[in-house]
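Notes for the one structure printed next.
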Amino acid sequence: MCYVLGATFVEGLVNYRSWRYIGPQEFKAYHQAIGPRVIAIVVAPFVISVVLTVLLLWFRPRSIPLWSVCLSLGADLLAIIVSFAFQIPIQLQFDRNGLSLPTLERLIKMEWIRNAAHSFNVVLFVWMMLRLTNNGR
């Protein structure tokens with residue numbers, strides 16, 4: 001969870017905001033080249049974290065309440081919805097058309113929702129870890 005949060009912060013707070021400084025001639029090639037890397041470095045770990053969280057529905061220590069796992073999955077679902085409804089269509093538009101600053105601003109405006117969901121999950125997982133290490137006390 002901490003890795004996913006860090007990766008999405010770097011993607012949204014560093015990478016997206018630096019796109020303004022890439023020339024329009026270079027942006028499309030840059031964006032197409034970076035896409036597979038983002039999938040490997042950001043998306044794949046997120047998918048793995050979701051799968052592992054789903055497994056907690058069945059293989060959960062007693063000190064971790066079911067509601068906390070469901071809440072985590074709800075935060076994951078919010079991040080997924082934002083990704084499919086806003087982020088991915090914008091990224092595909094960049095692949096097709098290159099950089100559009102108004103489109104980039106929309107991407108940046110929506111990124112905070114995913115970051116909030118991932119931040120919430122980190123706090124929730126730290127709490128679950130503390131419950132686990134304290135044997136539910």
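The values are calculated or read from the model by the stated rules, or taken from the named source; none is laboratory data. It should be emphasised that the depicted structure is a prediction, and the values quoted were computed from it without experimental measurement. Every residue, glycine among them, receives a Cβ derived from its backbone with ideal geometry; neighbour counts consider all protein chains shown.
Here are the numbers for the structure shown:
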{"quantity": "Residue that is nearest to residue 26 (Cα to Cα), among those in region 91-107 that are of a type in the set (A, V, I, L, M) and surrounded by fewer than 16 Cβ atoms within 10 Å (Cβ to Cβ)", "calculated": "101"}
{"quantity": "Residue within region 35-51 that is outside any helix (DSSP H, G or I) and either within 18 Å of residue 103 (Cα to Cα) or over 16 Å from the mean Cα position of the chain (by Cα) (or both) present", "calculated": "no"}
{"quantity": "Candidate set from region 89-128 (those that are charged (D, E, K, R) and closer than 17 Å to residue 14 by Cβ); member that is nearest to the chain's Cα centre (by Cα)", "calculated": "114"}
{"quantity": "Residue within region 51-67 that is within 30 Å of residue 127 (Cβ to Cβ) and of a type in the set (Gly, Ala, Ser) present", "calculated": "yes"}
{"quantity": "The one condition in (1) of a type in the set (A, V, I, L, M, F, W, C); (2) surrounded by fewer than 14 Cβ atoms within 10 Å (Cβ to Cβ); (3) within 30 Å of residue 131 (Cβ to Cβ) that residue 116 fails to fulfil", "calculated": "(2)"}
{"quantity": "Qualifying residues in region 24-75 (those that are more than 14 Å from residue 128 (Cβ to Cβ) and among the charged types (D, E, K, R)) - the one surrounded by the most Cβ atoms within 10 Å (Cβ to Cβ)", "calculated": "28"}
{"quantity": "Some residue of region 3-12 being of a type in the set (Gly, Ala, Ser), under 28 Å from residue 130 (Cβ atoms) and touching a Lys or Arg at 6+ places or on another chain (Cβ under 9 Å)", "calculated": "yes"}
{"quantity": "Residue within region 56-66 that is within 21 Å of the chain's Cα centre (by Cα), assigned to a helix (DSSP H, G or I) and on the phi < 0 side of the Ramachandran plot present", "calculated": "no"}
{"quantity": "Some residue of region 127-137 being touching a residue at least 40 places away in the same chain (Cβ under 8 Å), crowded, with 16+ Cβ neighbours inside 10 Å and more than 30 Å from residue 32 (Cα to Cα)", "calculated": "yes"}
{"quantity": "Test: residue in region 116-126 that is under 16 Å from residue 87 (Cβ atoms), in contact (Cβ under 8 Å) with a residue 40 or more places away in the chain, polar (S, T, N, Q) and assigned to a helix (DSSP H, G or I)", "calculated": "no"}
{"quantity": "Those residues of region 18-34 which are in a helix (DSSP H, G or I) and either farther than 19 Å from residue 88 by Cβ or free of Cβ contacts under 8 Å to residues at least 24 places away in the same chain (or both), in sequence order", "calculated": "18, 20, 21, 24, 25, 26, 29, 30, 33, 34"}
{"quantity": "Qualifying residue in region 79-90 (condition: part of a helix (DSSP H, G or I), more than 26 Å from residue 122 (Cβ to Cβ) and at pLDDT 95 or above)", "calculated": "yes"}
{"quantity": "Scan of region 4-23 for residues that are of a type in the set (Ser, Thr, Tyr) and surrounded by 15 or more Cβ atoms within 10 Å (Cβ to Cβ), ordered by number", "calculated": "8, 16"}
